[in-house]
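Here's the structure we're looking at; comments come further down.
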Amino acid sequence: MRQTHDFMELYQAWQRLTSGPKAELRRVSHPENLLAIPAFYRLYSGRGKTEWEKQAYQRLIYCLPCIKEHTDRPVTLGAALADIRKGGRTVVSEKRLFQVVRSNFPNDIIQLRRVLRMVEPTVNWQKTAMTLWYWNERSKRDFLEQFFLNQTN
């Protein structure tokens, strides 16, 4: 059974950052580059106990700057990406998402962040954070299913 976490505290810490540290985090091109950014440590603040948890928080903080805002509605990341439309068509292509889910770390998370940066979705941060926390084959499949189940033609 999955452990539940309150990731809203991390989101609120992000919201409290001033524009300078937020900009530093937005400019990071690779998850490992976060380790050289003081703002990362302000958000991370010793949250992870194990190496696995540290890497999970790194994924969260890497993607967080590309989320437009949190909504209390139960909008998953996949559903949010399916719902972003321009000219009546979904902005995020299926091909692009398949590239994300078929890639291995760190390319998968880098490609996902590029998609997020392009569309800046509004999501339920708690649900999105759970997907990123358990970023593995199963969560990638769930993410893809959420995208397809929420597409409207």
Selected residue (only one of 110, 84, 61 is under 15 Å from residue 31 (Cα atoms), among the β-branched types (Val, Ile, Thr) and open to solvent by 10 Å² or more (accessible area, probe 1.4 Å)): 110
Near pairs, Cβ below 8 angstrom, 6+ apart or cross-chain, from segment 5-16 (closer than 19 Å to residue 73 by Cα) to any residue that is among the polar types (S, T, N, Q): 6/126; 7/126; 8/126
Options 40, 98: the member that is among the aromatic types (Phe, Trp, Tyr), under 20 Å from residue 6 (Cα atoms) and modelled with pLDDT of 95 or more: 40
Residues that are more than 19 Å from residue 119 (Cα to Cα), without any contact (Cβ under 8 Å) to a residue 24 or more places away in the chain and hydrophobic (A, V, I, L, M, F, W, C), drawn from segment 17-67: 35, 36, 37, 39, 40, 52
Candidates 91, 101, filtered to the one that is within 15 Å of the chain's Cα centre (by Cα) and closer than 26 Å to residue 148 by Cβ: 101
Flag for residue 113 being within 11 Å of residue 59 (Cα to Cα), under 13 Å from the mean Cα position of the chain (by Cα) and touching a residue at least 12 places away in the same chain (Cβ under 8 Å): yes
Flag for residue 93 being at pLDDT below 95, open to solvent by 30 Å² or more (accessible area, probe 1.4 Å), small (Gly, Ala, Ser) and closer than 24 Å to residue 143 by Cβ: yes
Meets criteria (at pLDDT below 95 and over 22 Å from residue 140 (Cβ atoms)) for residue 20: no
Selection from segment 129-141 of residues that are surrounded by 17 or more Cβ atoms within 10 Å (Cβ to Cβ) and not hydroxyl-bearing (Ser, Thr, Tyr): 129, 130, 132, 133, 135, 140
Residue satisfying all of: in segment 13-45; part of a loop (DSSP other than H, G, I, E, B) and more than 17 Å from residue 69 (Cβ to Cβ); least open to solvent (accessible area, probe 1.4 Å) among these: 28
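The values are calculated or read from the model by the stated rules, or taken from the named source; none is laboratory data. These numbers come from a predicted model, not from an experiment. Cβ: placed from backbone, ideal geometry, glycine included. Neighbour counts: every protein chain shown. Accessible surface is based on the protein model in full, side chains and every heavy atom, while ligands, DNA and RNA are left aside. Shrake-Rupley method; radii C 1.70, N 1.55, O 1.52, S 1.80 Å.
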